[in-house]
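Each remark here refers to the structure printed beneath this line.
The values are calculated or read from the model by the stated rules, or taken from the named source; none is laboratory data. For clarity, every value in this text was computed on a predicted model and none was experimentally measured. Cβ atoms come from the backbone with ideal geometry, glycine included; neighbour counts cover every protein chain shown. Each accessible area value is taken on the protein alone, full model and side chains, heavy atoms only, with ligands, DNA and RNA left out. Shrake-Rupley method; radii C 1.70, N 1.55, O 1.52, S 1.80 Å.
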Amino acid sequence: MNKKTIAVLTSGGDAPGMNAAIRAIVRSGIGADMKILGVKRGYNGLIKSDLIELNLRSVSDIIHRGGTVLYTARSPEFLMPSGIQKAKETCEKAGIDAVVVIGGDGSFRGARELSLTGVPCIGIPGTIDNDVGCSEYTIGFDTAMNTAMEMVDKLRDTAQSHDRCSVVEVMGRRCGQIALKTGISAGATAILVPEIPYDFNKDILERLISTQKMGKKHFIIVVAEGVGGIKDIAEKIFIKTGIQTRTTVLGHVQRGGSPTLMDRVVASEMGRHAIRLLEKNIKNRIIAMDCNKVVDYDIKEALKMKKPFDMELFKVALDISI
Ligand code: F6P
């Protein structure tokens, strides 16, 4: 019987731990007598047939590295029928039996389209935002939160020294998970997330004034990227309270760096799980985390799943930042 040929690609925003997932796929795939091809720059590499065979040593010395050795991209061409057709042709020519896509919901929608042309796909959730509907956890989230927490700790030192209010923007365009957890871990007085509309007077001003009356002299406000407007917020705080403010956008620093233990372990488990599915000829699944266990769902079902915002945790933040 011919060896199975499995292609792996990373797509969308890079996330720390993607390399650990690639390594797990290559090592467990070769262990299961498969041929593993790396696709460069996400779906663009499938369209352009930019493929490289990976061996056991190609993935040495990458488990601790941020970014992705396969490079990544957001591929507008792949969203068009002609792009998907070209990707399918690449798979046929290279004898690819299945594609493993490491990325977020957008990348999984691409995987679903590709699977409809007859190319089997498996998705592994990798994005710092932790916004994949079907999975409790996405590779990269823990590292990004820890990076953001360290950065906000540094901002706190200077805010404390000057009795200032530091207004910090963290990543998350549609999802406030980084803001919520970073905010709690850094003792923020207010946390603004895209999932919950905010009122400046009630959610910021009143909290600042009441905690100031209780003796607080410096303040941290964490704002998710999707809420934005940190300059306006900071200016309004100064005008209404006289508290000096400074703004910081943490930006892409949150996407880089060596993955935490959690991201390396989850990535390794999910990568191996993908190969186990393919060994059993199970296809078109999205791998996910449910109650700390690695599971998998049908790709169409997975894309319909929604992850509710953690209101309980949000209430914890409000109750203790007084
Ligand atoms: O990967 C997720 C993310 O980091 C979001 O939090 C952010 O909004 C977006 O990617 C930024 O994308 P880009 O790298 O294309 O600027």
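Miscellaneous remarks
- Carbon-plus-sulfur accessible fraction, the chain (probe radius 1.4 Å, protein heavy atoms only): 52%.
- Potential extension, ARG174-ASP290 segment - 0.36 nm per residue separation minus Cα distance: 39.6 nm
- Protein-only accessible surface at a 1.4 angstrom probe places the residues HIS273, HIS252 in the order HIS252, HIS273, largest first.
- Between ILE25, ILE243, ILE62, the residue with the greatest mean-square fluctuation in the GNM of the chain (Cα pairs under 10 Å linked by springs) is ILE243.
- Largest GNM mean-square fluctuation across ARG57, ARG272, ARG255, computed for the chain with C-alpha springs under 10 Å, falls on ARG57.
- Distance between modelled label sites at VAL316 and LEU261, nm, 7 Å Cα→Cβ extension: 1.9
- The length gained on full extension between MET305 and GLU150, counted as 0.36 nm times the residue separation minus their Cα-Cα distance, comes to 52.6 nm.
- Each Lys or Arg adds one and each Asp or Glu subtracts one; over the other residues with Cβ under 11 Å from the Cβ of PHE141, this totals -4.
- Neighbours of ALA15 by Cβ distance under 9 Å: Lys/Arg scored +1, Asp/Glu scored -1, total -2.
- VAL168 - accessible surface, heavy atoms, 1.4 Å probe, Å² rounded to 10: 0
- Heavy-atom accessible surface of the chain, averaged per residue, reaches 45 Å², computed with a 1.4 Å probe.
- Summary of the geometry: the range 117-154 and the range 291-317, compared by the centres of their Cα atoms, lie 12 Å apart.
- Cα-centre dipole for the range 143-255 with unit charges at Cβ (Lys and Arg positive, Asp and Glu negative), debye to 20: 140
- Solvent exposure of SER107, expressed as accessible area, is near 10 Å², computed with a probe of 1.4 Å over the protein chains only.
- Largest first, the residues ARG112, ARG207 sort by 1.4 Å accessible area into ARG112, ARG207.
- Residue-span extension gain [ASP199 to ASN281] - 0.36 nm each, minus C-alpha spacing: 24.3 nm
- Three-way shape call for the range 1-132 based on the alpha-carbon gyration tensor, with the a/c threshold at 1.5: oblate
- Only Cα pairs under 8 Å and 6+ residues apart enter the sum, and on that basis the relative contact order of the range 45-171 stands at 16 percent.
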